[in-house]
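Take a look at the structure below.
The values are calculated or read from the model by the stated rules, or taken from the named source; none is laboratory data. Predicted, not measured: the structure shown is a model, and the values here were computed from it. As a convention, Cβ positions derive from the backbone with ideal geometry for all residues, glycine included, and neighbour counts pool all protein chains shown. The protein model used for the area step is the full one, side chains on, heavy atoms only, and it has no ligands, DNA or RNA in it. Shrake-Rupley method; radii C 1.70, N 1.55, O 1.52, S 1.80 Å.
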Amino acid sequence: MSVMTQEKEELISDIKGMKSGSIEQMALVTYYSLSSYFKALLAFGRKSNVTKDNLRVIKEMYHILRKENALLNFILRNVDRIDVDAASNVVEMLDSLNDKTVEYYYDVIEEVEDACECNEERRGSRPRKNFPTLTQTDSYEKEVIALGENLDSLKGFLDYEPEFWSFIKPYTRTANVNLELMSGMFYVVPITDQDNIVCGVSLLAPEVVDLKSALLAIQIYEKAYRIYQLRGKTYQKVEDTPSDLPRQYEEEFLPSKLQMAFNRKNVN
């Protein structure tokens, strides 16, 4: 078995383990929440917010695990065409969030239990949460959907004319590296003749395998396009001015893909 095949098998195994664990988590949260619900019912009555919160915990946890399952299913369906390392990082991110979420809801249930034992309703208020759950942010969905992105989809987003891509092709190199450590290695520089006339552009861009690499690649290709527009002209330095393209990609382009991907039944 090749290293890549082994890594893919490990990724699939990890995802299936998470999906299986989610069923157990849902069962346990439901069990403890219902147990706490009946205690709160006796202590504070049916109309108490503390009593009702036990049922909200079950509902919230269900929606969280349902979304997590849909995201994991997306990765499984596309496992043969996505970067395994990038996908493993995202799965690890989801797993870490899951751990924090489960721990938080157990804390909620524990606070209710303490309130019932002390017969002090105010002690049943939810503890402060310092992170958004999976249903309170779309950042994790974007991370997952971006695993399916590549240079072709990035070209579609940028919508530069085909002549640009043909122009830079002979001078373009890509690399798939850890961007946490190596993001500074990427560059875009003009190629000029003896008269400082732009005749080409040399660039090293990240291979598009996830959200971070896609956002960096957008910046690289946008700067290359500015140089391309100077071809045949005397080179004048292209400033690294702030661009709205990364924001548009993350907040408009990817959400549209999310809607298409998850409008289908993704929960198995």
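So what's the back-of-envelope 222 nm ellipticity for the chain, counting only DSSP H runs of four-plus at -39500 (n - 2.57) apiece and dividing by all residues, rounded to 500?
Values: 10 runs with 163 residues, N = 268.
So the calculated ellipticity at 222 nm is -20000 deg cm²/dmol.
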Go ahead and collect, in residue order, the members of segment 174-218 whose backbone nitrogen is under 20 Å from a label point 7 Å along the Cα-Cβ direction of residue 230.
186-205, 218
In µm²/s, what is D for segment 1-72 at 4 °C and 1.567 mPa s, where D = kT/(6 pi eta Rh) by Stokes-Einstein and Rh is the Kirkwood radius from Cα pairs?
91
Here is the link list: 39/142; 16/142; 16/155; 100/142; 16/212; 16/129. Which ones come out longer than 31 Å on Cα distance?
39/142; 16/155
Cα gyration tensor of segment 206-268, axes a ≥ b ≥ c as square roots of the eigenvalues: rounded (a/c below 1.5), prolate (a/b > b/c) or oblate?
prolate
In the P(r) worked out for segment 81-187, what percent of Cα pairs fall beyond 25 Å?
50
Build a GNM of the chain with springs between Cα atoms under 10 Å: which of 28, 254, 97 gets the top mean-square fluctuation?
28
Whole number please: convex hull volume per residue, Cα atoms of segment 20-169, in Å³.
126
Under 13 Å from the Cβ of residue 148, count the other residues' Cβ atoms, weight Lys and Arg +1, Asp and Glu -1, and hand me the total.
-3
Length released on extending from residue 79 to residue 20, taking residue separation times 0.36 nm less the Cα-Cα span
19.4 nm
Cα convex hull of the chain: how many Å³ per residue?
159
By the C-alpha gyration tensor axes a ≥ b ≥ c (rounded if a/c is under 1.5, else prolate when a/b exceeds b/c, else oblate), the shape of segment 63-112 is oblate
Residues of segment 1-133: accessible area per residue at 1.4 Å, in Å²?
57
Longest segment of the chain lacking trypsin sites (Lys or Arg not before Pro) that sit in a DSSP loop with at most 12 other Cβ atoms within 10 Å:
129-232
Given the C-alpha atoms of segment 172-220, compute the convex hull and give its volume per residue in Å³.
70
Carbon plus sulfur, as percent of the 1.4 Å-probe accessible area of segment 1-151, comes to 49
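Once the Cβ-Cβ distance between residue 100 and residue 59 is put in as r, and R0 is 25 Å, what FRET efficiency do you end up with, to the nearest 0.05? Intermediate values should be presented prior to the final figure.
Details: r = 19 Å, r/R0 = 0.76.
After rounding, the FRET efficiency stands at 0.85.
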With unit charges on the beta carbons (Lys and Arg positive, Asp and Glu negative) and the dipole taken about the Cα centre of the chain, which residue among 256, 41, 78 sits farthest to the positive side?
41
So how much slack lies between residue 28 and residue 252, counting 0.36 nm per residue of separation and subtracting their Cα-Cα distance, in nm?
76.9 nm
Modelling each spin label as a point 7 Å along the Cα-to-Cβ direction, I'd like the residue 114/residue 196 distance in nm, to one decimal.
7.0
Please give the Cα centre distance for segment 157-232 versus segment 1-67, rounded to the nearest Å.
45
